[in-house]
Amino acid sequence: MARNVLVVGAGIVGASLAWHLARAGCHVTVAGVQGGVATPCTFAWINASWGNPEFYFHFRRRSMAGWRRLEAALSDLGVDWCGGMLWDLPDDRLSAYAEQHAGWGYGIRMIDRAEAQRLEPGLLSPPERAVHVAEEGAVEAVDAAHVLLNGAQAAGASFMPDTRITRLVMQGGRVTGAETGTGALIDADEVVLAAGTGTPDLLATAGLRLAMTAPPGLIAHSTIAGRRLLNGMIFAPDVHVRQTREGRLIVGADFTGADPGEDPAETARGLLRAVRRYVAGSEALDLAFHTIGYRPTPADGLPAIGRMPGIEGLYVTVMHSGVTLAPLVGELAAEEIVTGRRDPDLGPFDPGRPALAKEPSD
């Protein structure tokens, strides 16, 4: 018998979950804001870049391949495999990053100033040395979430837009559904949380805890350029920049954004001023708007994917790097929910692990 699954959240992760579950034969209901809350505020870099342990690198790279599979199924997904050029590290760490990740199988290489200028003719002052990863990409995350959600609906899923889930409904140690902000009850064999920063409050309604933080990140969005200013993404020491499909530059102090500060609009203008030192033609662009996103980050920095201990009918998916990980999380969660088989690569991401059982400050 097909399972009735409620997905809470309609951002990039929730949309991927809905698409994979519907394709696996589940009766899927999605509740949330179309496009999500965090998803519109992300830099949307698809990568397995520096700073992560090897097992997490391989998980992220596996999800990069998942984006390729989604593209084959959904031709209008719109991933731009534009590559990334990074010199936002001291020289010794840059070399160590390139050597380590090349050894792990990443398509990374060191480049000199001449190669940097060839790859990005619009750079005003190319770095002496940088790393370049041609296999990295970016996606307009809200658009991709819409495509996935539309695909899920075409496969039979139902969508309840702008529906706020306020609590989990329990019966005999099992989650049997959820209650909306209007008091309506939604019955489900399985509730899947893709609610980002709202996850801890929903878990608390079932007496559960998942320790996480939600640091803010500001992204500046420029007015639209009339031409391509960048071929790919650049990760310079004080700004990370990419150009969207419609021609805007989006900029953060790093890919997670910037500290909004006391005057977020001025912080955003400062980011655009910094870009003018790097990208020819950017001096003609003004600030169009800025976003401030709150990044859902489990306390130890790793994703939380799976069932909470001691309770049935509830599946948790919470992570920063939601854009990179969305395809693989949707695929593996659907497999576990439908077949009961848990992929071995999910082992380190058990939401019941001790590090997530206490507050980050404990």
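The values are calculated or read from the model by the stated rules, or taken from the named source; none is laboratory data. Small disclaimer: the values here were computed from a predicted structure and weren't measured. Every residue, glycine as well, gets a Cβ built from its backbone with ideal geometry; the counts of neighbours run over all protein chains shown. Accessible surface areas use protein heavy atoms only, side chains included; no ligands, DNA or RNA. Shrake-Rupley method; radii C 1.70, N 1.55, O 1.52, S 1.80 Å.
Observations on the structure shown:
- By DSSP, the beta bridges lying fully in the chain are antiparallel in about 70 percent of cases.
- Rounded tilt (10° steps) of 322-339 against the dominant C-alpha axis of the chain: 30 degrees
- The residues of the chain present an accessible area of 40 Å² per residue when probed at 1.4 Å with all protein chains retained.
- The order of the peptides 252-261, 35-44, 347-356 by mean Cβ neighbours within 10 Å, most packed first, is 35-44, 252-261, 347-356.
- Rounded to the nearest 10 degrees, the angle from helix 264-275 to the longest Cα principal axis of the chain is 40 degrees.
- Carbon and sulfur %, accessible surface of the range 1-158 computed with the full protein complex present, 1.4 Å: 51 percent
- Principal-axis tilt of helix 91-103 within the chain, Cα atoms, nearest 10 degrees: 50 degrees
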